[in-house]
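Where a number appears in this text, it was derived from the coordinates with a stated rule and is not lab data. Keep in mind it's a predicted model, so treat the numbers as computed, not measured. All Cβ positions, even for glycine, are placed from backbone atoms using ideal geometry, and neighbour counts span all protein chains on display.
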Amino acid sequence: MTDLDQTYHYNVIRRAIAVIDARGDALSLADLSAEIGMSPAHFQRLFSQWVGVSPKRYQQYLALGHAKALLAERFTTLQAAEAAGLSGAGRLHDLFLRWEAMSPGDFARQGADLTVHYGWFDSPFGTALAMGTDRGLCGLAFAEEIGRDATLADMRARWPRAVCTHAPERIAPWVEAAFAGRGDVAVQLIGAPFQIKVWEALMSIPSGHVTTYSKIAQAIGHPRAVRAVGTAVGRNPVSYLIPCHRALRKSGGLGGYHWGLPVKRAILAFESAQAEG
């Protein structure tokens, strides 16, 4: 499947989410495919190719109630994930060859003397903006819901003194590996110490599982800082790879997602399908 195929599939799914929100999640295959302008056979084939399950099953994953089911059935407390070797002092993640964080002093300088390369890429979840230094990816964002201009302005504002250059070829191998699920992705995190603790906790959540903001706060030793944790989750600069989409409210609600809730729902649905595939 090419990158263009992936983006095309995501845009179909994005339209399906809007239909499901407007008419409920009990639509037949014929009704849902008609709403988005496809034949049932084409719709069925596209979904099966993209995610490996039927449109009906994927429709269930997209439903808002699926988040509550994830909390009930595939909830991780983070401590259990660490005990299984998914995180800890080595800062391991199933997608990363390595990752490192800038020092607090470097972060305080707001990217001064840092060159950040960026480019636009097709992804399974629509158009993606990737940014990276010579040490690894430092930014990954999705533009389908808020547009390219706003996405680029948002990411550049995080390191206002950095020199940004449009050089997609410098980071393309890492981006390709990231969306292919290969283990040769290098990441350089640029954030405040508290933020990096939160992002490290996010990396211990296995694919297809979720946790809550309060459990993240407990895991990093700040049980009362739930709101601050939520803010740090929302400021995660490397979406998808650092899985902020796996953090939910205690009630089972999706909470927020910096790049748009339809993207968060699509990623969670995709990972659920992959976990059961």
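Distance cut-off 24 Å, Cα to Cα: go down the list Lys68/Lys197; Lys197/Lys250; Lys56/Lys250 and report the pairs above it.
Lys68/Lys197; Lys56/Lys250
Could you check the simple spin-label distance between Tyr8 and Arg109, using points 7 Å along Cα→Cβ, in nm with one decimal?
If labels sit at Tyr8 and Arg109, their model points lie 4.7 nm apart.
From the phi angles alone, apply the Karplus equation (6.51, -1.76, 1.60; θ = phi - 60°) to segment 111-125 and give each ³J(HN,Hα) in whole Hz, x where the residue is Gly or Pro.
x, 4, 6, 10, 9, 10, 8, 9, x, 9, 9, 7, 9, x, 10
In which sequence would Arg265, Arg109, Arg23 go, from the one with the fewest C-beta neighbours within 10 Å to the one with the most? Each step should come with its number before you reach the end.
Numbers: Arg265 24, Arg109 15, Arg23 12.
Fewest-to-most Cβ neighbours within 10 Å comes out as Arg23, Arg109, Arg265.
Determine, from the Cβ-Cβ distance of Ser39 and Ser251 and an R0 of 51 Å, the FRET efficiency 1/(1 + (r/R0)^6), rounded to the nearest 0.05.
0.85
Mind jotting down a quarter of the surface of the convex hull over the alpha carbons of segment 3-63, in square nanometres, one decimal? Show your work: numbers first, answer last.
On the way: hull surface 14.2 nm².
Average of the hull's projected areas for segment 3-63 equals 3.6 nm².
Highest first, please rank the peptides 253-263, 154-164 by the mean number of other Cβ atoms sitting within 10 Å of their residues.
Ranked by mean Cβ neighbours within 10 Å, highest first: 253-263, 154-164.
If I model a spin label as a point 7 Å beyond the Cα along the Cα-Cβ vector, how far apart are those points for Arg15 and Asp184 in nm?
3.7
So for Glu176, Glu73, fewest C-beta neighbours within 10 Å to most, what's the order?
Glu73, Glu176
Summing +1 for each Lys or Arg and -1 for each Asp or Glu, what net charge is found among the other residues whose Cβ lies under 13 Å from the Cβ of Ala266?
Here the count lands on 0.
Once the Cβ-Cβ distance between Ser48 and Ala69 is put in as r, and R0 is 25 Å, what FRET efficiency do you end up with, to the nearest 0.05? Walk me through the intermediate numbers first.
On the way: r = 22 Å, r/R0 = 0.88.
Taking R0 as 25 Å, the efficiency between Ser48 and Ala69 is 0.70.
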